[in-house]
Amino acid sequence: MRGGRPAVLAAAVARRFNGVPGTGTWINDERQGPLVVLLMIETMVTGLVDAISYLELGHVFVANMTGNVVFLGLAVADTQEFSVAASLAAMAAFLVGALAGGRLGVTAGQHRARLLAISTIVNISLLSIALAAELLVPRDGFLYLYALIVLLAVAMGMQNAVARRLAVPDMTTTVLTLTLTGIAADSALAGGKNPHPGRRVSAALVMFFGAAIGALLIFKSGIASVLMLAIFLLFVTALAACRAASSTAAWTAAA
């Protein structure tokens, strides 16, 4: 991997933030080190995989569980194009991933870079298996549909649980409702102090662009290309986190 683009990007992120004092901006926060940038990357991955699940896996989300609860209600009411089984499968798999992420947080959460590195490597494995299923399993079968739903939802559940453990303000990577609420409710117009406005707006934009890019790639070249991009982004994140896994910088300590 020496000289490869993912390694260069990861090295730049780790070098930029590994113990270097910040200036207080949303992207350069010494209390969080590179975590804001790395979780932004994972937020884009969320947009990519939810584009896959909604457009190609039967109108279901693998990351946005609020949407799935609504979809489940619509499916129970016998609304066409929504599936009770698909919604339940996504929710159950997400919970499994969140449980695994919670357990990982207990065992590895005292060092935030190490926790992120391990969880991202696991998610790279899950998305790689999903990519193999996309390439090898017939698309018109039960196995294909539910293999991708389960694999992607487990990955997103773990990602969400780990982001929660990392406790970077306004960086959940999969849920934007509270982030968008904070933009308005904490603004100066509402009498608030408006903390992290750039970070909040950026998180929303990153997920937007992830979904838009995912949809364009699906229409142009198919699901495999979206999964490859998501794996590449996670690989960059994992490399940067691994480079900081032995760091003793203040930001690596559990929040």
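A few points about this structure:
- Under the simplified labelling scheme, the residue 77-residue 177 pair shows an inter-label distance of 1.7 nm, with each label point 7 Å from Cα along Cα→Cβ.
- J(HN,Hα) series, segment 110-120, from Karplus relation 6.51 cos²θ - 1.76 cosθ + 1.60, nearest Hz, glycine and proline x: 6, 10, 5, 5, 5, 4, 5, 4, 5, 5, 5
- Per-residue HN-Hα couplings for segment 51-68 [Karplus 6.51, -1.76, 1.60; θ = phi - 60°; Hz; x = Gly/Pro]: 4, 4, 5, 6, 7, 10, 10, x, 6, 9, 9, 9, 10, 8, 6, 4, x, 5
- All C-alpha to C-alpha distances of segment 79-160, sorted into 10 Å bins beginning at zero, yield P(r) values of 19, 42, 27, 10, 2 percent in whole numbers.
- The HN-Hα couplings worked out from phi for segment 89-101 by the Karplus form 6.51 cos²θ - 1.76 cosθ + 1.60 (θ = phi - 60°) are 4, 5, 5, 5, 5, 4, 5, 4, x, 5, 4, 4, x Hz, whole numbers, x standing for Gly and Pro.
- Efficiency of FRET between residue 204 and residue 143 - r from beta-carbon atoms, R0 35 angstrom, step 0.05: 0.50
- Residue with peak Gaussian network fluctuation, the chain [Cα springs, cutoff 10 Å], from 88, 143, 217: 143
- The trypsin sites (Lys or Arg not before Pro) found in segment 112-213 that occupy coil by DSSP, while having at most 14 further C-beta atoms within 10 Å, are 139, 193.
- Over all distinct Cα-Cα pairs of segment 33-248, the Kirkwood formula returns a hydrodynamic radius of 17.5 Å.
- Tensor-based shape of segment 120-209 (alpha-carbon gyration tensor, a/c under 1.5 rounded, otherwise prolate or oblate): prolate
- Within the listed set 169, 138, 34, the Gaussian network model of the chain (springs between alpha-carbon atoms below 10 Å) gives the highest mean-square fluctuation for 138.
- For segment 159-220: rounded, prolate or oblate by the Cα gyration tensor [a/c cutoff 1.5]: oblate
- Summed residue charge, Cβ within 12 Å of residue 119's Cβ, Lys/Arg positive, Asp/Glu negative: +4
- Per-residue [θ]222 nm for the chain (sum of -39500 (n - 2.57) over DSSP H runs n ≥ 4, rounded to 500): -24000 deg cm²/dmol
- Fluctuation leader among 76, 162, 150 - the chain, Gaussian network, Cα springs under 10 angstrom: 76
Since every read-out is calculated from the coordinates, none of them should be taken as a lab result. In this text, all values refer to a predicted model and were calculated from it rather than measured experimentally. Methodologically, a virtual Cβ is constructed for each residue, glycine included, from the backbone with ideal geometry; neighbour enumeration extends over all protein chains shown.
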